[in-house]
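What follows is a short report on a single structure.
The values are calculated or read from the model by the stated rules, or taken from the named source; none is laboratory data. Remember, predicted model here, so these are calculated numbers, not experimental data. Here the Cβ is made from the backbone with ideal geometry for all residues, glycine too, and neighbour counts use every protein chain on show.
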Amino acid sequence: MVTESQALIAILGMAAVTYLTRIGGLWLMAAIPMSNRLERFLDAMSGTVLVSILVPATLKGDGSAAIAIAGAVFVMVVTRQSLLAVIAGVAIAAIARQWF
């Protein structure tokens, strides 16, 4: 059984690692000159990382994952708001998992 103090230590440890990873990336990128090619690469990379996470989850998961992703994509195309698309995707996944 995990105690509250153990859970808090784990959460704080994960927060510290996340913070250090982000600040380390900013520190490293400050030393690299930003070229047009690098900027295009970084812009494209965020989309490819998202796709590389979503496609296996969709193929491996049940039908609710595919329905949620399709709903999130639809909301994103219609509204052009990422946060609203994420909220819609999570809500659709929760509802779909209750039904399937």
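Looking across 52, 5, one residue alone is part of a helix (DSSP H, G or I), in the same structural domain as residue 100 (by TED's automatic domain parsing) and without any contact (Cβ under 8 Å) to a residue 40 or more places away in the chain. It is 52.
Within the stretch 91-100, being of a type outside the set (Gly, Ala, Ser) and either surrounded by 13 or more Cβ atoms within 10 Å (Cβ to Cβ) or over 13 Å from residue 67 (Cα atoms) (or both) holds for 92, 95, 97. Being at pLDDT 95 or above, among the small types (Gly, Ala, Ser) and more than 16 Å from the chain's Cα centre (by Cα) is a property that residue 24 lacks.
Going by the conditions given, is residue 39 at pLDDT 90 or above, exposed (fewer than 13 other Cβ atoms within 10 Å of the Cβ) and out of contact with any Ser or Thr (no Cβ under 6 Å at 6 or more places or on another chain)? Break it down into steps so the answer makes sense when it comes.
Numbers: at pLDDT 90 or above: no; exposed (fewer than 13 other Cβ atoms within 10 Å of the Cβ): yes; out of contact with any Ser or Thr (no Cβ under 6 Å at 6 or more places or on another chain): yes.
The answer is no for residue 39.
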